[in-house]
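K.L.:
Here you go, one structure.
Here, each number is a calculation from the coordinates, and none is a lab measurement. Since this is a predicted model, take the numbers as computed values, not measurements. As a convention, Cβ positions derive from the backbone with ideal geometry for all residues, glycine included, and neighbour counts pool all protein chains shown.
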Amino acid sequence: MNYDYLIVGAGLFGSVFAHEAKAAGKRVLVIDRRPHIAGNVYCRDVEGIHVHEYGAHIFHTNNKEVWDYVNRFSEFNRFTNSPVANFRGELYSLPFNMYTFNKMWGVVTPKEAEARIEEQRKGYVAQKQAERGLAPDAPFEPENLEEQAISLIGVDIYEKLIKGYTEKQWGRPCTELPAFIIKRLPFRFTYDNNYFNDEYQGIPKGGYNELIHKLLEKAEVRLNTNYFSAREELDALADKVLFTGCIDEFYDYRFGRLEYRSLCFEHERLEIDNYQGNAVVNYCEREIPYTRIIEHKHFEFGTQPCTVITREYPAAFTAENEPYYPVNDDTNMTLLKKYKDLANTTANVLFGGRLAQYAYFDMDDTVEAALNLAKNELKKEL
Ligand code: UDP
């Protein structure tokens, strides 16, 4: 054996684990089928603009341990995500807050906004309860995303800012989507356009590639190396494998394929210095096929004479594109359980990250999960 760990995937999860394993004196080989490190946080450099090739990544967390950890490898800038939502040319602030309510209804005080939402909420919930043969004031249990959204924020915001965006994003009606997706979206009765509620937020100065590069500094890395093309050979190199790809692919889809939602990105360089005045503009109406336009330079307050924008199109997951979002509905979760049970009995293989755990992880969740795995795994062997 040449290595203690073969780490399949040079993304955030694999890189954090690789760093910790090296620090614990382990011999580590990291492989990735792509020609670059950093997985989906990889950025391409265009005139000093870091173009988030696989979708915008904004680091945010409430976990001080995770924040301190990533800050050991990179300083972070003061970027605060304040996306703008465009609905048929009307612009609204996100997340839903007093600016949004003011634009939507002309209300000025939190009390007025709450009254508006309550009025819309009440009518809707009463109607739904009646359909279910329940009293209007009985506890309301939303059964899908539409019910969850309207019962939280009312019909107007749902119709303009949630329905079209969400149906494009997930490729199915809101009535067929799980309620939990929308719980990611904060709303508040203050004039505060900071999208995230988390205490810490920013973009690594120097970009994500630098951060991952630092994490992997001491590890041996082989790019353009597809695990599945030389599995036996690669397995033979190490005592243990940490696999960060899709768990169903690892087992050759023996119970069937897990479903993912994918994205297509259309990058465009423009010879102007400022296209949309903000890093993220969401397009919420159904008729526009993309969900958002990212203007990358604004993540790092770039002053270049040119700019790069990316239109983000939700897409079905096929053999040609990348798996981005797990679809955590009942069918897929049942299938996942089978793979997880199998994983628990597979000796010498560890699984981690958004794809292997089939979880809608943010970057901080990913770092936390990788550190936890490292703590358990490396302590065990010390
Ligand atoms: N969402 C929405 N309108 C928006 C932005 C988000 O309805 O303008 C909903 C949508 O259902 C989406 C979910 O909120 O799937 C989570 O959005 P978020 O921006 O957190 O997703 P991510 O950045 O992970 O793609």
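K.L.:
Rounded to the nearest 5, what is the percent of antiparallel bridges among the DSSP beta bridges in the chain?
P.N.:
60
K.L.:
Another question, then. Report the far tail of the P(r) of segment 52-103, meaning the percent of Cα-Cα pairs longer than 13 Å.
P.N.:
So the pairs more than 13 Å apart make up 71 percent of the total in segment 52-103.
K.L.:
With no solvent and one point on each alpha carbon, what is the Debye value of log10 I(q)/I(0) for segment 1-70 at q = 0.13, 0.18, 0.25 Å⁻¹?
P.N.:
-0.49, -0.84, -1.12
K.L.:
Still on this structure, I have one more. Using just the Cα positions, wrap segment 132-222 in a convex hull and report its mean projected area in square nanometres, one decimal place.
P.N.:
Value for segment 132-222: 10.8 nm².
K.L.:
Rounded to the nearest 20 Debye, what is the dipole magnitude of segment 177-311 about its Cα centre when Lys and Arg each give +1 and Asp and Glu each give -1 at the C-beta? Let's see the in-between values first.
P.N.:
Values: 17 positive and 22 negative charges, 65 e Å.
Roughly 320 debye, rounded to the nearest 20.
K.L.:
Suppose the chain between residue 328 and residue 287 were pulled fully straight at 0.36 nm per residue; how much longer would it get relative to their current alpha carbon spacing?
P.N.:
Full extension from residue 328 to residue 287 adds 12.1 nm.
K.L.:
Let me ask something else about it. Connecting C-alpha atoms closer than 10 Å in a GNM of the chain, tell me which of 294, 37, 181 has the biggest fluctuation.
P.N.:
181
K.L.:
Report the percentage of all Cα-Cα pairs in segment 269-382 whose separation exceeds 26 Å, rounded to a whole percent. Please list the in-between numbers first.
P.N.:
Values: 2929 of 6441 pairs.
Above the 26 Å cut-off, segment 269-382 has 45 percent of its Cα pairs.
K.L.:
Between residue 191 and residue 217, what is the label-point separation in nm under the 7 Å Cα-to-beta-carbon projection?
P.N.:
4.5
K.L.:
Taking +1 at the Cβ of each Lys and Arg and -1 at the Cβ of each Asp and Glu, which of 28, 56, 139 sits farthest along the dipole of the chain towards its positive end, judged by Cα position relative to the Cα centre?
P.N.:
28
K.L.:
Moving on to the next point. Rounded to the nearest 0.05, what FRET efficiency is calculated for residue 138 and residue 251 with R0 set to 35 Å and r the Cβ-Cβ distance?
P.N.:
So the FRET efficiency works out to roughly 0.20.
K.L.:
Quick check: convex hull of the Cα atoms in the chain, volume per residue, rounded to a whole Å³?
P.N.:
158
K.L.:
Another question about this same structure. Using a cut-off of under 18 Å, list every residue of segment 131-157 whose amide N is near the label point 7 Å from the Cα of residue 90 along the Cα-to-beta-carbon line.
P.N.:
Those under the cut-off are 150, 153-157.
K.L.:
Show that you can apply the helix-only estimate: for the chain, add -39,500 (n - 2.57) for every DSSP H stretch of four or more residues, divide by all residues, and state [θ] at 222 nm to the nearest 500.
P.N.:
That calculation yields -9500 deg cm²/dmol at 222 nm.
K.L.:
Now for a different question. What is the ratio of the Cα radius of gyration of segment 204-357 to 2.2 N^0.38 Å, with N the residue count, to two decimals?
P.N.:
That works out to 1.32 for segment 204-357.
K.L.:
Which Cα, out of 315, 290, 14, lies furthest along the positive dipole direction of the chain (beta carbon charges, K/R +1, D/E -1)?
P.N.:
14
K.L.:
Sort out for me the Cα centre separation of segment 45-63 from segment 134-175, rounded to whole Å.
P.N.:
Here the two parts' Cα centres lie 30 Å apart.
K.L.:
So how do 261-273, 201-213 stack up, highest first, on mean other-Cβ count within 10 Å?
P.N.:
Ranking, from highest mean packing down: 201-213, 261-273.
K.L.:
A follow-up question, please. Please report, in cubic angstrom per residue, the volume enclosed by the convex hull of the alpha-carbon atoms of segment 96-153.
P.N.:
79
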